[in-house]
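Take a look at the structure set out below.
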Amino acid sequence: MKLDSLGEFGLIDLIQIPAFAPEQLILGIGDDCAVLPLDDTFYQLVSCDLLVEDVHFIRGRISPYHLGYKSVAVNLSDVAAMGGKPVHILLSMALPADYTVEEWQEFYRGVEDICKRYRVNIIGGDTTSADKLTINVTVLGKVAKNQLHLRKDAQPGDIVFVTGALGGSRAGLEMILHEDQVFSQLDTTHLLQCHCQPEPCCEEIGVLNHLAGDALHALNDISDGLLSECEEIAKASHVALKLQPEKIPVDEDCLHLAEQVGADGLQWAMTGGEDYQLVGTIAAEKAAEIKQQYELLTGKPLFFIGTVRDGEGIYLQQNGKWQMVQQKGYNHFDKQNETKEQVQSASDSQGQRSYEMLLEEQQARLERQEEAQRIYRHDLQNHFVCLSGLLECGNVEQARSYLRELQAALPVSETKQYSQRIVLNCLLNQKAALAEAKQMDFQFSGDEHLLDFISDYDLCIMIGNLLDNGIEHSACQEEAYLYLDILQDEAGFVLLRMENSCERVPCVQNGHLCTQKADPELHGKGIEQIKRITQKYGGAFSWIFDSAGQRFFTQCQFCLGV
């Protein structure tokens, strides 16, 4: 059995073994921190967190300073989620050979700054070498015995609360993954800070402890997503949490960015994770008073998003009915699958944006054409008068010169009619312009109606990536060309076939065809998109490289009726 069949939480359940010295342990595995005896007033809290390059962070997309700050922040958040105060940390790191002295100094400056802010001591750790940058922080904290809050403490009738807006970190991640995109009307610094430099709720929990006392029950921090953390509370407390989506606070810039990329901001807020706000439950009879005083003392809102009821699981209110939802959030051992889904979602969003941009571009071109033709027609009668006058006076050469000037000013259509299908026509015109700029011979032929069974959206993704790859591989050659055909063969299969000039041998990695872009993170992304759309419609993708003829053939084959 593979680990990914269990998932992160299944793995934790599997290794829950009995304590060998139970008198030295208040609580072991199962919450944000282990709880140990300390003295007559306090318990000791202990937690650790592991961050691995290319799993939890992309080294080139987060500064060393922010990485150091965040590495500590996520651990301090665990202590806050138990009602406690962080006191010490131990920092261990596995460093790759190319990690520089400057990176290490900046990383440690981030660690130092957050420890100074929350008055936490750095008391030790370890270092070693590794292929990937790996960071482990262990935090030691303390909590008053009457202020310890566990996931299992939720009670029916409680109010479910969160301490701040959600989704900002997920939106920040979107910006990092698509840093080449321009996002309008956003506080980009705010979103990037939400993801790269989160603040643990160490101060907020102090205020809640003071105001709520024993009315503050279950508690968790939002590291893996709101729904996931609520599921942990519901499961540990043997209750049901009923959440009202319209009351879940979503970061405003998260909403704006999600709208721009065709995503659901509320969904990001519920499942995105890494917001490190607190979610918990408080006694209903004291909730209003606690909320009022909390907001006066902190200047921050406290959001009530649902209630605790008898039963089990998480429910969302939709159209006046309660719908049970499955646990959703970040799962470390599902990372590969989740990453594919995120990349797919991002690619789909990119495809949708490309589709919309093509339509906008086509509309703008048509408007420019219409305006130029309107002006030309308006002046045409005056031009005829002038021409007639020159001819009547016998000035033939001058009339010819005037006519040539008039012909040169004739508005020429900026677009060709490759297809009656507007999306395909927009796409072909755009790529033809790119090919022309690179002095490539671009030709399109075939029966466009053979692809009517493919949606505009998918067609844009599939053909757009095909043409992009063809232009990329052909542009560096003399007499470069790119031919795209849509045809039906004798067996009845519909073929989308592209031929392009190609000097270089295609790059193949692990049996997969890749592009030869300078950025290795872009290798094969377009090819994977083409294959995915082809397979979605029951087709097959193939390619052939003719080294003798320096030609590359790409083909998507579909069976009609599928």
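The values are calculated or read from the model by the stated rules, or taken from the named source; none is laboratory data. Just so you know, these numbers come straight off a predicted model, no measurement behind them. Every residue, glycine among them, receives a Cβ derived from its backbone with ideal geometry; neighbour counts consider all protein chains shown. Note: accessible area is taken over every heavy atom of the protein model, side chains too, but ligands, DNA and RNA are not part of it. Shrake-Rupley method; radii C 1.70, N 1.55, O 1.52, S 1.80 Å.
Assorted remarks:
- Those residues of the range 156-183 which are in a loop (DSSP other than H, G, I, E, B) and either touching a helix residue (DSSP H, G or I) at 6+ places or on another chain (Cβ under 7 Å) or closer than 23 Å to I314 by Cβ (or both), in sequence order: P156, G157, D158, T163, G164, A165, G167, H178, F183
- Every condition in (1) touching a residue at least 60 places away in the same chain (Cβ under 8 Å); (2) touching a Leu at 6+ places or on another chain (Cβ under 7 Å); (3) in a loop (DSSP other than H, G, I, E, B) holds for Y99 except the one numbered (1).
- Qualifying positions in the range 229-251 - touching a Gly at 6+ places or on another chain (Cβ under 9 Å) and either of a type in the set (D, E, K, R) or assigned to a helix (DSSP H, G or I) (or both): E229, C230, E231, I233, A234, K235, A236, K242, K247, D251
- Given (1) surrounded by fewer than 16 Cβ atoms within 10 Å (Cβ to Cβ); (2) at pLDDT 95 or above; (3) within 22 Å of V74 (Cα to Cα), number of the condition L208 does not satisfy: (1)
- Only one entry of S47, S92, S77 meets the criterion of being among the polar types (S, T, N, Q) and in a helix (DSSP H, G or I), and that entry is S77.
- For the range 112-120, the criterion of being farther than 27 Å from G206 by Cα and assigned to a helix (DSSP H, G or I) is satisfied by no residue at all.
- Counted as qualifying within the range 260-325 are the strands (runs of 3 or more DSSP E) with 1 or more residues that are open to solvent by 10 Å² or more (accessible area, probe 1.4 Å) and farther than 18 Å from D153 by Cα, namely 303-309, 313-318, 321-325.
- Strands (runs of 3 or more DSSP E) within the range 458-522 that include 3 or more residues at pLDDT 65 or above and not polar (S, T, N, Q): 481-488, 493-501
- Checked across the range 527-546, the condition of being closer than 19 Å to D456 by Cα, at pLDDT below 80 and open to solvent by less than 60 Å² (accessible area, probe 1.4 Å) holds for no residue.
- Only residues that are open to solvent by less than 30 Å² (accessible area, probe 1.4 Å) and more than 22 Å from Q292 (Cα to Cα) were counted in the range 152-169, giving 3.
- Just one residue in the set A81, A73 is open to solvent by less than 10 Å² (accessible area, probe 1.4 Å) and in contact with a Pro (Cβ under 7 Å, 6 or more places away or on another chain); that residue is A73.
- Checking each residue in the range 436-483 for being in contact (Cβ under 8 Å) with a residue 12 or more places away in the chain, among the small types (G, A, S) and closer than 14 Å to T534 by Cβ picks out only G464.
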